[in-house]
Amino acid sequence: MSGESRAESEIAMEKSPDAFRTISEVADDLDLPQHVLRFWETRFSQIKPMKRGGGRRYYRPQDVELIKGIRHMLYDQGYTIKGVQKLLRDNGNQFVIAIGNGDLAAVEAIAQRKQAEAQVADLPAAGDDGEGEIVVGQARAKPARRFFGLGRSEEDGPVAADDERLSRDNRALLQEALFDLLECKRLLDQVR
């Protein structure tokens, strides 16, 4: 088989979505030079391709998705490397992957999970000065309910059931506000 016909047959035969990719395949798919991928491996510890004999790199599908998200944040959103590192550290790989894929529902779910974890961390531990104990006849303070840290809390007055459910339009507006806040944060990080 000649070199040209072999290359043509390889193009015609696509790999499975679960297949590992070489650095050249990832570079071509994401329109990045190979040296940029090697550099990003030094800056983002989350990118861990398998290395075979001779130092050949093989990227897992989740590595490719993460690189796609990093590329989106750096090139399309204008984040710095430090800004993306902080996003990864604070929110995890799945957050950056979801943003890179444009999966707003996943971004929202991750943000809500982070908020819930923060609220749980703020609750006093049982046995701390008796505040964690439940005493019969004693009312407990209700935790504040907020969406993305915005909106009314129960301390502001009763929250109607309709207020608890966000319409798609409101969710889209909140998501847009989240991205705007992330952009403001990025600009502030650049100034520092």
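The values are calculated or read from the model by the stated rules, or taken from the named source; none is laboratory data. Since the structure is predicted, the reported quantities are computational estimates derived from the model, not experimental observations. Glycine gets a Cβ as well: all are built from the backbone with ideal geometry, and neighbour counts include every protein chain shown.
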- Can you give me the number of residues within the stretch 58-69 that are outside any helix (DSSP H, G or I) and either of a type in the set (Phe, Trp, Tyr) or touching a helix residue (DSSP H, G or I) at 6+ places or on another chain (Cβ under 9 Å) (or both)? 2
- Message: For LYS48, only one of the following conditions fails: (1) part of a helix (DSSP H, G or I); (2) modelled with pLDDT of 90 or more. What is its number?
- Response: (1)
- Task: Sort out which residues of the stretch 74-94 are crowded, with 19+ Cβ neighbours inside 10 Å and touching a Leu at 6+ places or on another chain (Cβ under 7 Å), and write them in order of number.
- Result: VAL84
- Residues (within 18 Å of PHE20 (Cα to Cα) and more than 17 Å from the chain's Cα centre (by Cα)) located in the stretch 32-47: LEU32, GLN34, LEU37, ARG38, GLU41
- Task: Would you mind listing the helices (runs of 4 or more DSSP H) fully within the stretch 70-126 where at least 2 residues are of a type in the set (S, T, N, Q) and at pLDDT below 80?
- Result: 104-122
- Item | the stretch 13-44, subset of a type in the set (Ser, Thr, Tyr) and loosely packed, with under 10 Cβ neighbours inside 10 Å, residue farthest from HIS72 (Cα to Cα) | SER16
